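The values are calculated or read from the model by the stated rules, or taken from the named source; none is laboratory data. Worth saying up front: this structure is predicted, and the values here are computed from it rather than measured. No Cβ is skipped: glycine too gets one built from the backbone with ideal geometry, and neighbour counts run over all protein chains shown. Just so you know, the surface numbers come from the protein's heavy atoms only, side chains and all, with ligands and any DNA or RNA stripped out. Shrake-Rupley method; radii C 1.70, N 1.55, O 1.52, S 1.80 Å.
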Amino acid sequence: MTLRQSTVSRPKLGTRDLVNIGVYTAIYYVVTFLGGMVGIVSPIGMFVGFALSAIVGGTVIMLFLAKTPVMGAMTVLGLIVGVLMLATGHFWGCIPICAALGLVADLIVKAGGYHSRGHNIVAYGVFQLWLIGPFVPLFMNAKAYYEDMRGSMGAQYASQMSQIFTPAVVAIFIVILCFVGLFGAWIGTKLIDRHFAKAGLVS
């Protein structure tokens, strides 16, 4: 099945594509950031917040892919997300991780001819694996990670998080988010058909 749209794939990024990248990256990052903010209430809130942002983000990225059928779109989006993560105090490795997964997503979308519903959904699910980025320091040095957490969020919060967010739990959580992302992207394709197409945003 293919997404209903008249836009044809383009050989390279153009001005319109760059504008779309800027707009949709901003929306996607805000959605993700707000999901992460739920974790401020309690560490367990991160599970709920990121799951919700993965679902909502699915619609954002599905619409983005429908309007930007060009190789490199997801790579640039991922690169910008990585830079924004670094700018907001996260691990520098988010940049290469986000960019690399953006490239993988691009290749998956390209393999589907840019308009394959299934390929676009899978591309988003795979891209969601970038959320491992902020947690990479936990795998490298858990003690230092939680010492830094203690300084920024307080001793009680850091203690609660260390009991919940073990490396194994984080790894499982990210994989779950990948599947939640698939569900969110599927919902996104349905919303595109029912609402965005009727509004003329996607034809």
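Placing one identical point scatterer on every Cα of region 147-198 and ignoring solvent, what is log10 I(q)/I(0) from the Debye formula at q = 0.25, 0.29 Å⁻¹?
-0.89, -0.98
Taking only C-alpha pairs under 8 Å that are 6+ residues apart, what is the relative contact order of the chain in percent?
28 percent
Can you tell me the length gained on complete extension of the stretch V30 to V48, counting 0.36 nm per residue apart and subtracting the Cα distance?
Using 0.36 nm per residue and subtracting the Cα-Cα distance, I get 4.9 nm.
How much accessible area per residue does the chain have, in Å², with a 1.4 Å probe?
Here the per-residue accessible area is 47 Å².
Lysine pairs, Cα distance under 15 Å, 8 or more residues apart or cross-chain: how many in the chain?
Eligible lysine pairs with Cα atoms under 15 Å apart amount to 5.
Highest GNM mean-square fluctuation, the chain, Cα pairs closer than 10 Å: which of F50, F135, F91?
Top of the fluctuation ranking is F91.
Over the chain, with every protein chain in place, what whole percent of the accessible area is carbon and sulfur at 1.4 Å, could you tell me?
73 percent
Please report the orientation-averaged projected area of region 107-203, defined via the convex hull of its C-alpha atoms, in nm².
Seen from a random direction, the Cα hull of region 107-203 projects 8.4 nm² on average.
Along each of the three principal axes of the Cα atoms of the chain, give the extent in whole Å, ordering the values from largest to smallest.
For the chain, the Cα spread along each principal axis is 55, 29, 24 Å.
What ranking, highest mean first, results for peptides 73-79, 183-189 when packing means the other Cβ atoms within 10 Å averaged over each residue?
So the order, starting with the most tightly packed, is 73-79, 183-189.
Taking only Cα atoms, what is the 0 to 90° angle, nearest 10, from helix 73-87's long axis to the longest principal axis of the chain?
Helix 73-87 sits at roughly 30 degrees to that axis.
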